[in-house]
Amino acid sequence: MTAPNAKKQRVINCVSQLPYRIQLNESKDTWRLLPQAGNSALFSSLDYLQESDEYEQLVVGWTGEITRETDLAEQFGADVTMTNNDDDSETPVVPDSNADEALYLTPEQMDKLTEVMNAQNKKNFNPVWLLRKNQSRWRQYAEKTIWPTFHYILNPLLIEADNNSGSSAPAPSAKKGSNPAAPGGVPAPKESVPTGDEEKNSWWYDYVKFNEAYAMKIGEIYQPGDVIWIHDYYLLLLPQLLRMKFANDNVKIGYFHHAPWPSYEYFRCLPRRKQILDGLVGANLITFQNEQFSRHFVSSCKRLLDCTSKKKKSDKGADQYQISAYGGDLIVDSLPIGVNKNQLIKDAFTSDIDSKVQAIKQAYQNKKIIIGRDRLDSVRGVVQKLRAFETFLTMFPEWREQVVLIQVSSPTANRDSPQTIRLEQQVNDLVNSINSQFGNLNFAPVQHYYMRIPKDVYLSLLRVADLCLITTVRDGTNTTALEYVTIKSHKSDYQCYGNPLILSEFSGSSTLLKDAIIVNPWDSVAVAKSINMALNLTKSAASELQAKLSPEVPTVQSWTDKYLKTLSSQNTDQSSGGKITPALNRPVLLDTYNQAKRRLFLFDYDGTLTPIVQDPAAAIPTAKLYTILEKLAADPRNQIWIISGRDQQFLGKWIGSKNKRLGLSAEHGCFIKDIDCPEWVNLTEKVDMSWQERVGKAMEEITNKTQGSFIERKKVALTWHYRRAVPELGEFHAAELKKMLKSVCDEYDLEIMDGKANIEVRPRFVNKGEIVKRLVWHEHGTEQDLLKPVNEKVDINKMPDFILCLGDDFTDEDMFRELNTIEDKWEEKYPENKNSHKNFGIYPVTVGSASKQTIAKAHLTDPGQVLDTLGLLIGNVSLFQSAGTVELDSRGHVKNSESSLKSQLAGEKYILKKSASSTSIKKVNK
């Protein structure tokens, strides 16, 4: 317990949707709050935290689709009061006849609704408003791409969309699907819903906006010291977004994944797989329903982001994973969610429920009752359940007319989709087949209800059941199983104590309820035998089983407390050097770029502009890269330099000959060719190069021992490559080579550099950092005198006010280090020269592996993201290709953009029109 005057720990709880549906009347002056179905365990956790003496909870969530009703009584002057029906299943949403009409609310109406919502429910709700005409657009990527993949369905909806589009053409250009609303004229997705690849992109852009809207809302209420808890797959990008937003704060971010997490082989099928993982590793604690899901996540991080991981013991001795990603450590753990046991028992054992239990028993006198309650989708196993029940009645004829299966199948949000319609037909056919084979005029062995049932009816079914049958083929934690076991643990007058549970081995709950009767739902015969065994259990055997099962059900209270205590215990102190490198905040980068007048680009080549390949000679620029560099160089405010370990010949052939307006630096700064200059300058011209013979011999000796390795002889540097060798052998001989070269390097003042599967030796005084120093401390746009010493007295108003430096390996850290030093000097000398983002526009960005330590200020996952970032700056890529801190209005438009202003005007016109219409109706009735 917390001391009476102690300050409570603030928890910002982020859920994909608030636990209420909002229904507005025609005038939008009154509304109804209807409890949101589903997520009962999560909503119970919210209730528990709200009453906590230890925590102060702030709930951030989307409003969901706001519906409207045509209330004739209100139109003709009758008073309509706000209602809150506790039973949402008995209060169907009345669709407005103008449902396709755009929905507009004024800021005053949104504030008033928030105020009344909080007052009525005694919670601190902070709604995320996204009021587009098609409000379901915010669900598309989560429900049609992520959810199927996480449930081992390789996206049948997208396949069908492709087939229906009748075209295999590549995605249209960004301009074709552009929205002039984006700042700087950057293309964004169209409002209309297209088909094929463009449709998938539109879904993704909306998913990014959805997460950005949450980040913006959290930014409005966040206070230093707050703990942020994020829930489930609608918000996979949010942890990294918050890491960008609060980059200078040691904020503690937790993420709990309620759904299954697939194996790497399935997860890798997601087109945006790296961005999703990158979004999650911004958290300090990531938790799953069971250890298997945790293991799958860690495997995906290691293979796709090149993270490192190790198993460790928690403070309580439990196994968990520690992942090192982008300079920081995060914990991956498993903690199955529970149910509110006390409240469940209280709700299930009332006089009203007693009467319903008695009525059901009378309706099926002397018959065993099997119950099932599932959502009707492809992973809940309703078809498998019906097939197993049919097999059961075939194999055990003595049970015919002695047992009834009451199956309640709840409709899904995409009830009208072709997949759901086919599944519905398949279920109906099976029900009809079983009832025609084994039923008669007076009795049907399967009672199938395709509907949402009220809570009291659901609880009465759990109480009356002789057996609960769950045959899901994939889920996280099945709360029906937990609720059934909890209710069966309570003794009552109806002899329902301890009745057994049959549970699918593919349910996440099977690792929790280990003493349930575990089955493979695909094996109908085995399930049928298990049903027979369960129905034949003696009372003592059933009671003994219940005694084992009941303690295995966790409470939602203990789940909440354990999670928050684990999150609060995470060490986020970055002073010891373990600073997390956040993802590059591309919207801020774009805004800084648009404001800047003197822009400098510093690019590494291999692993940055092009992917690393087995044969270095094959890493040639793509047409896309040429186009981007051409457009960047065409702007007179831009100066672009390629600073690479490649030699002059390669850079001259593939880069310099294609675009004269690019500056080139070869062999890590040994040779330089200025912009629009045909001549190379050798900065090592007067250096003793006799060391090359001794170093070359040592490399030849190692090459002879290492099959697949080779030596690259540049004019100054020597590089030994082992990319084609057996990795373990290459690493062993690389270490041996470094030992062999130590003495000669000390003698000639040489530097040994570890690259990606290579060892390079070059003079110590020349490196990429020295080149960067020379390029920055220089009057922007003027010719370089490459042999003069650096002048640090240049006027800052003549030096670059935007610097983007990109590199992927150890040699690029010299560039980042120099830029950080320059920024520190400018901070001291020119504190008043910062831009609107309170910095000097310097962006050192590392590319690639999450396992490397870096002093860069931000990261990108791969060269593909590099090209997307540069494409954003020149207007070829949507602002929402990757997540960043964007300010959005209540309709999901970028604030102050053209589309936002148009939407604002449309809203004002709509409200005036509605006011005039309401006035006319009142005059008619007078």
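Quick note: the coordinates plus some simple rules give every number you see, no bench work behind them. Here the structure is a predicted model, which means the values were calculated and not measured. Cβ coordinates were reconstructed from backbone atoms using ideal geometry, including for glycine residues, and neighbour counts include every protein chain displayed.
Within region 780-854, the GluC sites (Glu not before Pro) that combine a DSSP coil assignment with at most 15 other C-beta atoms in a 10 angstrom radius are Glu783, Glu792.
Every helix of 4 or more DSSP H residues in the chain counts as -39500 (n - 2.57), and over all residues that averages to -11500 deg cm²/dmol at 222 nm. Find the cysteines in the chain that fail to meet the 4.7 Å Cβ criterion with every other cysteine, and list them. Flagged as lacking a Cys partner: Cys14, Cys269, Cys468, Cys496, Cys670, Cys677, Cys745, Cys805.
Rounded to the nearest 5, the antiparallel percentage of DSSP beta bridges internal to region 388-504 is 10%. Quick one: P(r) of the chain from all Cα-Cα pairs, 20 Å bins, percents rounded to integers, in order of increasing distance. The calculated distribution, bin by bin, is 12, 38, 32, 14, 3, 0.
When the scattering of region 276-317 is computed by the Debye formula from its Cα atoms alone, each counted once and equally, what is log10 I(q)/I(0) at q = 0.19, 0.27, 0.30, 0.34 Å⁻¹? Rounded to two decimals, the profile gives -0.63, -1.18, -1.31, -1.35. Measuring between alpha carbons in the structure, the pairs from Lys686/Lys756; Lys310/Lys852; Lys144/Lys895; Lys798/Lys825 lying more than 19 angstrom apart are Lys686/Lys756; Lys144/Lys895.
What percent does the relative contact order of the chain come to when contacts are Cα pairs within less than 8 Å and at least six residues apart? Worked out over the chain, it gives 13 percent. Contact order for region 342-553, expressed relative to its length and based on alpha carbon pairs under 8 Å spaced 6+ residues apart, stands at 25 percent.
When the Cα positions of His258, Phe125, Tyr104 are compared along the charge dipole of the chain, Tyr104 comes out farthest toward the positive end, with charges on each C-beta of Lys, Arg, Asp and Glu.
In the chain, the DSSP beta bridges split such that about 35 percent are antiparallel, to the nearest 5.
From least to most packed, judged by other beta carbons within 10 angstrom and beginning with the fewest, Met395, Met815 follow the order Met395, Met815.
Scan region 655-729 for GluC sites (Glu not before Pro) in coil per DSSP, keeping those whose Cβ has at most 13 other Cβ atoms within 10 Å, and list them by number. The qualifying sites are Glu679, Glu685. Among the listed pairs Lys122/Lys311; Lys7/Lys579; Lys361/Lys548, those with a Cα-Cα distance over 30 Å are Lys122/Lys311. Listed by Cβ neighbour count within 10 Å, with the fewest neighbours leading, Ser45, Ser657 appear as Ser657, Ser45.
Equivalent-ellipsoid semi-axes for region 342-553 (Cα gyration tensor, √(5λ), whole Å, largest first): 24, 20, 19. Packing here is the average count of other Cβ atoms within 10 Å per residue, and on that basis the peptides 564-570, 506-512, highest first, run 506-512, 564-570. Ranked by how many other Cβ atoms sit within 10 Å of their own Cβ, fewest first, the residues Arg400, Arg713, Arg380 fall in the order Arg713, Arg400, Arg380.
The loop-placed chymotrypsin sites (Phe, Trp or Tyr not before Pro) in region 670-728, going by DSSP, include none that has at most 16 neighbouring Cβ atoms within 10 Å of its Cβ.
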